Amino acid sequence: MKLESYWLDTAPPFNGGAEGKVPPRADVVVVGGGFTGLSAALALARSGASVVLLEAGRVAGEASGRNGGQCNTGLAHDYADLAARLGEQNARAFYQAYDSAVDTVENLVRDEGIDCDFRRCGKLKLAAKPEHYAKLQKVHQQLQSTVDPGVKLIPPERMAEEIGSASFYGGLLQSEGAQMHMGKFGVGLAQAAVRAGARVYENAAVTRIDRSGGGYILSCARGTIAADQVFLATGNSSLGPFGHFRRRLVSVGSFIIATEPLDKATLDDIAPTRRNYVTTKNIGNYFRITPDDRLLFGGRARFALSNPQSDQKSGRILSDKMTEFFPQLASTAIDYCWGGLVDMTADRLPRAGQHEGMFYSLGYSGHGVQMSVHMGQLMADIMAGRSELNPWRGLEWPSIPGYFGNAWFLPFVGAYYKLQDRLH
């Protein structure tokens, strides 16, 4: 079993990285080489700007290359709750933003010729308890009548058509969800940015950002560069001059295993429709089939950060849960096990805007595959003055009281959600 991301291990190499020191200046410096930063670098370079992207490690090497491989439409939130808190107009706009984000990914894959196994498969939300199906019925009714007429309800008696498990009691199907190979997409997006004229520097961790006249001077591991504009696409980086964001983002560990390749008969048994699957529990699971016929199975197995020992412990928990759902996989080998960080905001909605004159887009809260790519494209226009395109522009973003980057409260949050899952 490799303690390594399946996506990163099976991705082609990125051969377009810039060598040597960074240039003395650029119109825009993008900090962070995940999907957000790469997408923005591509869009900015297309607009004619000189663009330098600085990535601390390898492109798409963190959350972008360590996730569950799902690219889904629809919000993670309870739509009725969100509408009650923020108003029907905002809830609708946020829901539609996620739908548009999947279209953005598909368009980029097509237009740039990125070979990443992209396919529309739909997302099936699985009722983990009988009473959860009753809740899904209410969600279905509201979504269908307000914002998503295509959403479908899968009753318990039809679940065998969708999944080969007796653990679920019905489901909610959002048919426009998609999936792709995250590592291949990340490399393809980086190569597209380079073709458009952006210079992408890996192993270029930013250590300092200073204002200089009307612009900025950035110091990094590859030298010093001046820029008129800066776009921060760092996620919740634990290093560098990003303390403002560390007080507003909480990183939560998420862990994933991938089986050995499965034969067609087994795949047809456990996942006949090959969809994206998520369960309804607070501490739930998500899974899908990979392009080379593995079951990729993940979740917040433990409220801990990723390291080899933590990944191994989490992998055992996930393997047990996988065989609980699919007893037919009891003798199946696990080839990969890895962890990553999910950057959460307090209300689980993204944030984008400006801080100290620098632009940013962060905090996708576990649903960043599509939104990161979408926001990278939008930010190029927002940085040119079209702030009305920012779907998150009206959201406040106060710091979390008593929090300075060390999430000491996560075990208590985990215990609370576990209790909720037992009671409800």
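Summary table
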item	result
Any chance Val59 is aliphatic (A, V, I, L, M), under 18 Å from Met371 (Cα atoms) and touching an Asp or Glu at 6+ places or on another chain (Cβ under 7 Å)	yes
Extreme residue, farthest from Arg246 (Cα to Cα), among residues of the stretch 318-345 that are under 22 Å from the mean Cα position of the chain (by Cα) and hydroxyl-bearing (Ser, Thr, Tyr)	Tyr336
Given (1) outside any helix (DSSP H, G or I); (2) surrounded by fewer than 20 Cβ atoms within 10 Å (Cβ to Cβ); (3) of a type in the set (S, T, N, Q), index of the condition Ser254 fails	(2)
Qualifying residue in the stretch 138-160 (condition: of a type in the set (Lys, Arg), under 22 Å from Asp421 (Cβ atoms), surrounded by fewer than 20 Cβ atoms within 10 Å (Cβ to Cβ) and in contact (Cβ under 8 Å) with a residue 60 or more places away in the chain)	no
Residue among Leu305, Leu296 that alone is among the hydrophobic types (A, V, I, L, M, F, W, C), under 20 Å from Tyr6 (Cβ atoms), modelled with pLDDT under 95 and surrounded by 15 or more Cβ atoms within 10 Å (Cβ to Cβ)	Leu305
Looking only at the stretch 196-219, and only at residues there that are hydrophobic (A, V, I, L, M, F, W, C) and part of a loop (DSSP other than H, G, I, E, B), the one that is nearest to Leu232 (Cα to Cα)	Ala205
Evaluation of Thr73 against (1) in a loop (DSSP other than H, G, I, E, B); (2) in contact with a Leu (Cβ under 9 Å, 6 or more places away or on another chain); (3) within 30 Å of Gln141 (Cα to Cα) (one fails), failing number	(2)
Qualifying positions in the stretch 258-297 - in contact with a Ser or Thr (Cβ under 6 Å, 6 or more places away or on another chain) and assigned to a strand (DSSP E or B)	Thr259, Asn285, Leu295, Leu296
Residue tally, condition in a loop (DSSP other than H, G, I, E, B) and over 17 Å from the mean Cα position of the chain (by Cα), over the stretch 226-251	7
Answer from Ala134, Ala128 - the residue that is at negative phi and crowded, with 16+ Cβ neighbours inside 10 Å	Ala128
Residue count, the stretch 1-49 (criterion: within 21 Å of Ser219 (Cα to Cα), surrounded by fewer than 17 Cβ atoms within 10 Å (Cβ to Cβ) and touching a Lys or Arg at 6+ places or on another chain (Cβ under 9 Å))	3
Strands (runs of 3 or more DSSP E) completely within the stretch 321-424 that count 3 or more residues being buried (at least 22 other Cβ atoms within 10 Å of the Cβ)	334-344, 358-362
Search result, residues across the stretch 129-144 that are over 20 Å from Ala97 (Cβ atoms) and assigned to a helix (DSSP H, G or I)	Pro130, Glu131, His132, Tyr133, Ala134, Lys135, Leu136, Gln137, Lys138, His140, Gln141
Some residue of the stretch 36-57 being within 14 Å of His367 (Cβ to Cβ), of a type in the set (A, V, I, L, M, F, W, C) and in contact (Cβ under 8 Å) with a residue 24 or more places away in the chain	no
Qualifying residue in the stretch 291-304 (condition: touching a Lys or Arg at 6+ places or on another chain (Cβ under 6 Å) and over 30 Å from Phe359 (Cα atoms))	yes
Number of the exception - Leu239 against (1) modelled with pLDDT of 95 or more; (2) farther than 23 Å from Met1 by Cα; (3) of a type in the set (A, V, I, L, M, F, W, C)	(1)
Unmet criterion (only one of (1) touching a residue at least 12 places away in the same chain (Cβ under 8 Å); (2) under 30 Å from Pro401 (Cβ atoms); (3) not aliphatic (A, V, I, L, M)) for Asp228	(2)
Cβ-Cβ under 6 Å pairs, at least 6 apart or on other chains, the stretch 318-341 side farther than 14 Å from Ser165 by Cα and at pLDDT 95 or above, far side polar (S, T, N, Q) and in a helix (DSSP H, G or I)	Ile334/Ser319
Selection from the stretch 330-350 of residues that are closer than 19 Å to Glu62 by Cα and of a type outside the set (Asp, Glu)	Tyr336, Cys337, Trp338, Gly339, Gly340, Leu341, Val342, Met344, Thr345, Pro350
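The values are calculated or read from the model by the stated rules, or taken from the named source; none is laboratory data. On a predicted model such as this, the values are computed, not experimentally measured, just so you know. Every residue, glycine as well, gets a Cβ built from its backbone with ideal geometry; the counts of neighbours run over all protein chains shown.
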